[in-house]
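Since the structure comes first, as structure tokens, the remarks are kept for the end.
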Amino acid sequence: MLREITLDLVRVTEAAALVSSMYLGRGDKEAVDRAAVDAMRGMLDYISMKATVVIGEGEKDEAPMLYIGEKVGTWEPASPEYDIAVDPVDGTRLVAFGLPNAISVLAAAEKGAIMYLPTFYSWKLAVGPELAGKLDINVSIAENLKKASEVLGVKISEITVVVLNRDRHRTIIEEIREAGARIKLISDGDVAAAIATAIPGSGVDIYMGIGGSPEAILSAAALRCLGGEIQTKLWPYNEEEKEEVISAGYDLGKVYKTEDLVGGEDIVFVATGITTGDFLGGVKYFKNKVITESIAMRVKSRTVRKIVAYHDVEHKNVPLRSRGGDVRFIELQR
Ligand code: VTB
């Protein structure tokens with residue numbers, strides 16, 4: 001059962017957040033990602049499980065660590081088998097520029113339960129529990145917003161929709177404005193945006209638009225734990241990709257629902273804030289402590305835990321894969 005290793009998994013995203021946040025505001029997003037991957041990979045080595053990365057940093061030849069198919073965990077004969085999906089930093093640019101809502105995330109589920117979406121991008125519509133099952137990715141934005149206002153019992157002008165600020169979203173932004181809803185345009189980090197729809201008091205009701213497919217899967221894992229919903233459709237970004245997926249037998253009209261993306265009942269989702277966002281505080285320093293805020297949740301129990309950790313800078317070790325194990329935190333600080 002994933003229950004037993006939940007806190008171990010929190011340590012994984014904590015480590016990634018702690019180390020990547022050392023590059024806060026330095027303008028170097030590759031360094032942010034490299035640090036997070038190294039710490040995440042290092043911490044995974046300590047966990048008693050037989051896990052396989054099914055969503056990670058890409059294929060083996062493009063990623064040295066956390067590539068798709070990589071085996072992580074201790075792989076002792078008696079340890080349980082899982083598939084894991086990771087995004088060491090969702091929003092590397094956000095960390096590189098010290099902007100809000102960057103998180104480190106990981107989802108674990110039974111073997112075979114995590115789907116693979118073949119396109120780089122997907123169309124997404126994510127909502128919290130109240131709107132789950134009520135909206136439809138195939139109808140107009142105006143219709144969806146009207147429905148949302150009825151279900152939530154609020155005016156359309158009180159509904160907040162999050163959209164990635166991209167040229168490809170010009171039309172949908174216009175349609176949302178036309179319908180009269182509030183819009184929060186974000187530069188990056190749509191996993192946090194999708195999750196925020198299901199967190200009471202986050203001020204976010206709906207996330208929609210075209211974003212990364214791996215991020216759709218991670219959002220689905222979180223939304224299953226929170227009772228929210230994500231609907232997705234494949235969105236090929238050029239003719240070549242379109243032909244590829246069609247000839248591989250995929251249907252561009254198919255709507256993938258939350259359970260299609262992450263199935264089964266044994267699912268854990270964990271995330272740690274790197275920069276402060278809508279539902280998690282970022283990595284902060286206070287005297288000789290470095291403080292992290294994480295969230296851990298499971299589908300089975302639907303318990304959502306917030307875990308605030310005060311790491312003692314003098315005593316803290318962080319495992320880095322590149323260094324073969326634990327490194328003292330102060331040594332990394334320079
Ligand atoms: C999306 C979104 C991510 O990057 O992948 C986006 O899902 C990239 O979009 O959360 P562009 O290719 O248009 O830049 C994030 O925002 C961050 O990784």
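Residue by residue, here is whether (1) over 22 Å from V262 (Cβ atoms); (2) buried (at least 20 other Cβ atoms within 10 Å of the Cβ); (3) within 15 Å of the chain's Cα centre (by Cα) holds:
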site	(1), (2), (3)
A196	no, yes, yes
I206	no, yes, no
A220	no, yes, yes
E243	yes, no, no
Quiz prompt | Any pair with Cβ under 6 angstrom, 6 or more apart, that starts in segment 207-222 at a residue that is more than 8 Å from the ligand (Cβ to nearest atom) and ends at one that is open to solvent by 10 Å² or more (accessible area, probe 1.4 Å) and of a type in the set (D, E) | solution = L218/D87
Quiz prompt | Near pairs, Cβ below 9 angstrom, 6+ apart or cross-chain, from segment 156-177 (of a type in the set (G, A, S)) to any residue that is not in a strand (DSSP E or B) | solution = S157/S149; S157/G180; S157/A181
Quiz item: What residue, of G189, G201, is within 11 Å of the ligand (Cβ to nearest atom) and either buried (at least 24 other Cβ atoms within 10 Å of the Cβ) or in the same structural domain as Y256 (by TED's automatic domain parsing) (or both)?
Solution: G189
Quiz prompt | Selection within segment 308-334 - out of contact with any strand residue (DSSP E or B) (no Cβ under 9 Å at 6 or more places or on another chain) and of a type in the set (S, T, Y) | solution = S322
Quiz item: Can you pull out the residues in segment 245-259 that are open to solvent by 10 Å² or more (accessible area, probe 1.4 Å) and within 17 Å of the chain's Cα centre (by Cα)?
Solution: K257, E259
Practice problem: Could you grab me the full set of residues in segment 101-131 that are touching a strand residue (DSSP E or B) at 6+ places or on another chain (Cβ under 9 Å) and open to solvent by 30 Å² or more (accessible area, probe 1.4 Å)? | Solution: E110, K111, G112, M115, Y116, P118, F120, Y121, W123, P129
Quiz item: Taking segment 114-142, which residues are part of a loop (DSSP other than H, G, I, E, B) and closer than 28 Å to K242 by Cβ?
Solution: M115, Y116, L117, P118, T119, F120, L135, D136, I137, N138, V139, S140
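Over 19 Å from G277 (Cβ atoms) and either within 15 Å of the ligand (Cβ to nearest atom) or of a type in the set (G, A, S) (or both): does that describe G42?
Yes; evaluated as a whole, the condition is true for this residue.
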Self-check item: segment 128-186, subset within 21 Å of D278 (Cα to Cα) and basic (K, R), residue farthest from the ligand (Cβ to nearest atom)
Solution: R182
Quiz item: Quick one: E59 ticks every box in (1) over 23 Å from F120 (Cα atoms); (2) open to solvent by 20 Å² or more (accessible area, probe 1.4 Å) bar one, so which box is it?
Solution: (1)
Exercise. Considering (1) free of Cβ contacts under 8 Å to residues at least 60 places away in the same chain; (2) over 15 Å from the mean Cα position of the chain (by Cα), say which one P80 fails and leave the rest.
Key: (1)
Practice problem: Would you please list the contacts, defined by Cβ atoms under 6 Å and residues six or more apart or on different chains, that run from a residue in segment 314-334 that is in the same structural domain as E14 (by TED's automatic domain parsing) to a residue that is among the acidic types (D, E)? | Solution: N317/D326; P319/D326; L320/D38; R321/D38; S322/D38
Quiz item: Looking at segment 250-334, what strands (runs of 3 or more DSSP E) fall wholly within it and have at least 3 residues that are in contact with a Leu (Cβ under 7 Å, 6 or more places away or on another chain)?
Solution: 267-273, 289-298
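The values are calculated or read from the model by the stated rules, or taken from the named source; none is laboratory data. Note that the structure is a prediction, hence the values are computed from the model and not measured. All Cβ positions, glycine included, derive from the backbone under ideal geometry; neighbour counts span all protein chains shown. The protein model used for the area step is the full one, side chains on, heavy atoms only, and it has no ligands, DNA or RNA in it. Shrake-Rupley method; radii C 1.70, N 1.55, O 1.52, S 1.80 Å.
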